[in-house]
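Take a look at the structure below.
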Ligand SMILES: Nc1ncnc2c1ncn2[C@@H]1O[C@H](COP(=O)(O)OP(=O)(O)OP(=O)(O)O)[C@@H](O)[C@H]1O
Ligand SMILES: [Mg+2]
């Protein structure tokens, strides 16, 4: 029924926007590994889609990845959206990988990746996936990636999506390793 559909979408928008517009959320020390694992637990527990998806994590050692001062709720919302997009894209026996790594070179960033072996994105759509209301799935609103990008940029980080049609998609987030002392925002190389 149309009215229900509108209400459902509205609730979803509100929930996602609340997460990034929360004016009181201040950065607090948190572990990127822990945030990512929590997001995986949330999404893996969503059995409503009835898929036998395999989640594989390849996380940086905790000693290599000390806590960063981050807006944890907003960032967790971004991870959840990337994982839900991946879950939507994979077939019944797909695989979703999450990884964290520390890059200590000149860029000095923490890198977070969510990759899937799902349907991938047509090159001409890839250019528009961050646009509001650009959605390629039934029940999608098309706000998730734009909101995720803003949450990442609030940490002076960057979010990039690469995809090969029919093969899969990789979302990469980089966050500055030292948010308070980094003169330039983190760049994707
Ligand atoms: N991992 C992925 N594999 C395939 N397509 C993807 C992937 N991630 C994003 N997309 C495409 O990009 C579109 C936009 O994603 P986005 O998260 O912004 O919106 P959505 O998932 O459709 O809706 P929502 O606002 O609920 O997140 C998706 O509808 C989908 O077509
Ligand atoms: Mg989404």
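The values are calculated or read from the model by the stated rules, or taken from the named source; none is laboratory data. Everything quoted here is computed from the prediction, not taken from an experiment. Glycine also receives a Cβ, built like all others from the backbone with ideal geometry; neighbour counts cover every protein chain displayed.
Annotations
- Number of residues in segment 112-136 that are away from ligand 2 (no atom under 16 Å from the Cβ), touching a strand residue (DSSP E or B) at 6+ places or on another chain (Cβ under 6 Å) and closer than 22 Å to residue 150 by Cα equals 2.
- Filter pass, residue 70 being surrounded by 15 or more Cβ atoms within 10 Å (Cβ to Cβ) and in contact with a helix residue (DSSP H, G or I) (Cβ under 6 Å, 6 or more places away or on another chain): no
- Filter pass, residue 136 being near ligand 1 (Cβ under 8 Å from one of its atoms) and more than 16 Å from the chain's Cα centre (by Cα): yes
Yes/no matrix, rows are residues, columns are (1) more than 22 Å from residue 30 (Cα to Cα); (2) surrounded by fewer than 16 Cβ atoms within 10 Å (Cβ to Cβ); (3) within 14 Å of ligand 1 (Cβ to nearest atom):
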site: 103; (1), (2), (3): no, yes, no
site: 117; (1), (2), (3): yes, no, yes
site: 123; (1), (2), (3): yes, yes, yes
site: 132; (1), (2), (3): yes, yes, yes
site: 140; (1), (2), (3): yes, no, yes
site: 154; (1), (2), (3): no, no, no
site: 159; (1), (2), (3): no, no, yes
site: 163; (1), (2), (3): yes, no, yes
site: 174; (1), (2), (3): no, no, no
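Quick grid of which residues meet (1) within 25 Å of residue 93 (Cα to Cα); (2) at pLDDT below 90; (3) in a strand (DSSP E or B):
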residue: 150; (1), (2), (3): no, no, no
residue: 161; (1), (2), (3): yes, no, yes
residue: 169; (1), (2), (3): yes, no, yes
residue: 178; (1), (2), (3): no, yes, no
residue: 181; (1), (2), (3): no, yes, no
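- Here residue 145 clears all of (1) near ligand 1 (Cβ under 9 Å from one of its atoms); (2) in a loop (DSSP other than H, G, I, E, B) except the condition numbered (2).
- Within segment 80-99, considering residues that are crowded, with 23+ Cβ neighbours inside 10 Å and touching a residue at least 60 places away in the same chain (Cβ under 8 Å), the one farthest from ligand 2 (Cβ to nearest atom): 98
- Filter pass, residue 58 being out of contact with any helix residue (DSSP H, G or I) (no Cβ under 9 Å at 6 or more places or on another chain), exposed (fewer than 14 other Cβ atoms within 10 Å of the Cβ) and within 25 Å of residue 155 (Cβ to Cβ): yes
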